[in-house]
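Worksheet: the structure to be examined is printed underneath.
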Amino acid sequence: MNTETQISDFNLSSDLLTLPPLPLDRLEKVEAWGMNTAKMGYVYRPTTAEGITEVFAFAKNHGLKVGLRGAGRSYGDASLNGEHVTLDLTRMNRILEWNPKTGVISVEPGTTLRQLWQYIVGDGWWVPVVTGTMYVTLGGMLGMNTHGKNNYCSGPIGDHVLEFDFLLPTGETKTCSREQNSELFYAAISSFGMLGCFTRITLQMKKVYSGLLEVDAYTTQTFGEIIEKFAAQRDKADYLVGWIDCFAKGEKMGRGQVHEARYLKPGEDPNPEQTLRIENQELPDTLFGVLPKSVMWRFIKPVSNNFGMKLLNAAKFFASNTLGNGKTIRQSHAGFAFLLDYVPNWKWVYKPGGLIQYQSFVPEETAEACFTAQMEACHRAGIIPYLGVFKRHREDDFLISHAVKGYSFALDFPVTKRNKVALWKLCREMDRIVLDAGGRFYFAKDSTLTPEVAEAYLGKATLEKLFALKRDCDPDNLLMTDLARRLFGERLC
Ligand SMILES: Cc1cc2nc3c(=O)[nH]c(=O)nc-3n(C[C@H](O)[C@H](O)[C@H](O)COP(=O)(O)OP(=O)(O)OC[C@H]3O[C@@H](n4cnc5c(N)ncnc54)[C@H](O)[C@@H]3O)c2cc1C
């Protein structure tokens, strides 16, 4: 035990690898971002690829599985690995190469989206696909093949990856691109940490001519109308995102607000050097210039119940419909993209039970009926999502894909002791509605899917391909997470 405590920088000697005792000082509680589940496990934070190999060898020696973890921003159990080893990659966060002429950048997997945009923005570049929070890592983004508010026109993050080094649990490193090891390229991106570990990622950034976007906001009254607007604007807008008031029923069901943004063309911004500076992108620390945003969640907490949230949603719709409807503003890239970072730790509002997100992706032909049926099921069950977010998507070429040519609807549900059983039952009912509509799901957001539902939307052939690659890349079946156990169990071996 004492000798084990010296394994702080991962220079494990082969002697130590053969020692049977497990390092109790490495035991930590690892929590899902949605706070509805947490597990104890042995956490290692290597800083080099050699350090990762040593942890793989150590785990194998002790008969343990290894779960890869970036910033732990997946809502559910995707980066948990209870009672086994968690390989936390956040210390591998160096920017390795940057070419401001071509916009090509190479980074380590623990580099966050925040580090990335802050590094490149002053040179007139932006990250082509960003998530609603900037606190994710590039390794985690590739693990899930994340999408942004521009998924319908820019595809997922994988579409902007040029090349990566992929360290297999066997100790072998494969360099993958569309030309080299291409099958692995399209599978490693999206395979939720089951095949190997990204250790170096090279991406193409997007040229921008201003630090600002032109943003239009308008309200819509039904699911049909929001779908119509998205369809009409998709060739004109660079980003589209909708908010839905999930408490609205009957004729008002599906009412919400759309934000549509476009990049400025060269010459449209009189002072791009200014607007591209980091300080003009950063989100403000205070609200109205006085109230520290770090305490904001405490003000929301008292209204985080059905009654309070119904009022808040209705007030937001009313304000959007009267003050904000048809308004055009110029907003920074970061300000538009990272809306969910405005109120730090807002998820604490959902304590103690936490939250889950239920996001379904449905083809355009069936989307309106499917989302209406989902909302009706929520109202019948008396469990209403506090937040609903609407996006447009396109299909992609990666092995484990959540996207469809259609729309997604992401629903944030509070989890309480009282509603948990009924909420999981509601998710089962919504799964059926989504499958009947030809829809898909997304492991980054998932907490409730069953093996049957996962197989139904991914298909047997895709799963067989994943299992075969897993046998090739990870013959000892070292890589595992709680999500993979829940959905695929022994079949992944
Ligand atoms: C507030 C909020 C907003 C979000 N908005 C969006 C959004 O707009 N669009 C979207 O697509 N997602 C969104 N997400 C989900 C989030 O982008 C994904 O869950 C993402 O994978 C999180 O990255 P992470 O670094 O935290 O990875 P983790 O959650 O730690 O891990 C994600 C997966 O990647 C694997 N992994 C991690 N590192 C590596 C590596 N180096 N090599 C191989 N596999 C690895 C893990 O095993 C796990 O399966 C949001 C999440 C939050 C909390």
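The values are calculated or read from the model by the stated rules, or taken from the named source; none is laboratory data. Keep in mind the model is a prediction, meaning the values are calculated, not measured. In this analysis, Cβ positions are derived from the backbone assuming ideal geometry, glycine residues included, and neighbour counts consider all displayed protein chains. To get the accessible areas, we keep the full protein, side chains included, count just its heavy atoms, and leave off ligands, DNA and RNA. Shrake-Rupley method; radii C 1.70, N 1.55, O 1.52, S 1.80 Å.
Heavy-atom accessible surface of the stretch 212-451, averaged per residue, reaches 46 Å², computed with a 1.4 Å probe. Its relative contact order, with pairs defined as Cα atoms under 8 Å and 6+ residues apart, puts the chain at 17 percent. ALA315 sits among other residues whose Cβ lies under 15 Å from its own Cβ, and their net charge, with Lys and Arg +1 and Asp and Glu -1, is +3. Here the contact order of the stretch 95-207, divided by its residue count and restricted to Cα pairs under 8 Å and six or more residues apart, works out to 32 percent.
Taking every Cα-Cα distance in the stretch 95-207 and sorting them into 10 Å bins starting at zero, the pair-distance distribution P(r) comes out as 15, 51, 30, 4, 0 percent.
Extension gain, ASP472 to ASP235, is 81.1 nm, computed as 0.36 nm per intervening residue step minus the present C-alpha separation.
Size descriptors for the stretch 212-451 (Cα atoms only): Rg and Dmax, in that order, 18.6, 57 Å. Net length available on complete extension from LYS265 to GLU365 is 32.6 nm, with 0.36 nm assigned per residue and the Cα-Cα distance removed. Nonpolar atom fraction for the chain, defined as the carbon and sulfur part of the 1.4 Å probe accessible area, stands at 53 percent. Full extension of the chain segment joining GLN331 with THR372 gains 11.5 nm, where the gain is 0.36 nm per residue of separation less the Cα-Cα distance. Taking Cβ atoms as reference points and 11 Å as the exclusive limit, the residues near CYS378 contribute a net charge of 0, counting Lys and Arg as +1 and Asp and Glu as -1.
Its Cα gyration tensor gives the stretch 316-435 an equivalent ellipsoid, and the semi-axes of that ellipsoid, as √(5λ) in whole Å with the largest first, are 25, 22, 16. The local environment of LYS301, defined by Cβ-Cβ distances under 13 Å, has a net charge of +3 under the rule Lys, Arg +1 and Asp, Glu -1. With all protein chains in place and ligands, DNA and RNA left out, the 1.4 Å accessible area ranks GLU183, GLU251, GLU429 as GLU251, GLU183, GLU429, largest first. Annotation: peptides 212-222, 79-89, ranked by per-residue average of other Cβ atoms within 10 Å with the highest first, follow the order 79-89, 212-222.
Per-residue surface analysis assigns LYS316 an accessible area of about 80 Å², computed on protein heavy atoms at 1.4 Å probe radius.
Here the label points at PHE307 and ARG491, each 7 Å from Cα along the C-beta direction, are separated by 4.6 nm in the simple model. With 24 Å as the limit, the listed pairs LYS236/LYS391; LYS29/LYS445; LYS174/LYS445; LYS236/LYS293 have LYS174/LYS445; LYS236/LYS293 beyond it between alpha carbons. Between the residues ASN181, MET194, ASN151, the greatest Cα displacement towards the positive end of the dipole of the stretch 148-197, with unit charges on the Cβ of Lys, Arg, Asp and Glu, is found for ASN151.
A convex hull fitted around the alpha carbon atoms of the chain yields 150 Å³ per residue. Across the options GLY267, GLN281, CYS246, the greatest Cα extent toward the positive end of the charge dipole of the stretch 243-322 (unit charges at beta carbon of Lys, Arg, Asp, Glu) belongs to CYS246. Within the stretch 243-317, the chymotrypsin sites (Phe, Trp or Tyr not before Pro) that combine a DSSP coil assignment with at most 13 other C-beta atoms in a 10 angstrom radius are PHE288. Ligands, DNA and RNA are left out, and with a 1.4 angstrom probe the accessible area of the stretch 95-207 is 30 Å² per residue.
Here LEU339 and GLU452 are evaluated by their C-beta separation; at R0 = 35 Å the FRET efficiency comes out at 0.50.
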